[in-house]
Amino acid sequence: MKKNIALIGFMGAGKTLIGQILAQRLQMDFLDTDTVIEKELQTPVPQIFAEKGEPWFRQKEKETVRKLATLENSVIATGGGVVLDPENIGALRENALIVCLSARPEVICERLKKDTGRPLLAGEDLLIKINTILAERREKYRCADFYLDTSGVTPQEAAEEIIRFRQGRSS
Ligand code: S3P
């Protein structure tokens, strides 16, 4: 059985794009928890937050993580808040190498300033919001097998680094 790769980390760290490159390079399947939820409910994440609230979304996210964690040969990109429930990380860890992506707050701000798909960052003062949520979560992101700051690297370079780490792990 080929071990999965689970990508965790703050919004805008590059989980989806780097995950897609990784999956292509390693001939693995790619899944993104937010996309799976959106497809199942036929509703975009901001609308789910607005209509059902964050706790409801977190419950759905947890069910989705539990399902995806049982797959094989998959790169699983998670939503940035997946670390809020330690059981999510426990489920992923069963069969995945956990990779935490990060980026400097200013870089995240630049990447997300035109984005309208992140309800927790909607409205004014984007950098302040990023710093506040990052501070709340910093400790929770410290649960990975490998950490990578994507601030100064291309998504391709980031994927290469993860592949190198994974190869080192299995040799
Ligand atoms: C969230 C991150 C988002 C999405 C939702 C909540 C968070 O995913 O799950 O908006 O709490 O950090 P990305 O990390 O893919 O943006």
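The values are calculated or read from the model by the stated rules, or taken from the named source; none is laboratory data. The shown structure was predicted, so the numbers you read here are calculated from the model rather than taken from an experiment. Note that we place each Cβ from the backbone using ideal geometry, even for glycine, and neighbour counts take in every protein chain shown. With ligands, DNA and RNA removed, areas are computed over all heavy atoms of the protein, side chains included. Shrake-Rupley method; radii C 1.70, N 1.55, O 1.52, S 1.80 Å.
Worth a mention:
- Of all the options Ala13, Ala96, Ala144, the one that moves most in a Gaussian network model of the chain with Cα springs shorter than 10 angstrom is Ala144.
- Computed over neighbours whose Cβ is under 13 Å from that of Ala69, the net charge equals -1, Lys and Arg +1, Asp and Glu -1.
- Once both labels are positioned 7 Å from their Cα atoms along Cα-to-Cβ, the gap between Glu161 and Ala135 label points is 2.6 nm.
- On a per residue basis, segment 11-65 carries 52 Å² of accessible surface, using protein heavy atoms and a 1.4 Å probe.
- Overall, the accessible surface of segment 70-171 at a probe of 1.4 angstrom is composed of carbon and sulfur to the extent of 50 percent.
- Under the simplified labelling scheme, the Gln20-Arg104 pair shows an inter-label distance of 2.6 nm, with each label point 7 Å from Cα along Cα→Cβ.
- Extension gain (nm, one decimal) between Ile128 and Gln27, 0.36 nm per residue minus Cα-Cα: 32.5 nm
- Net length available on complete extension from Gln42 to Asp149 is 35.2 nm, with 0.36 nm assigned per residue and the Cα-Cα distance removed.
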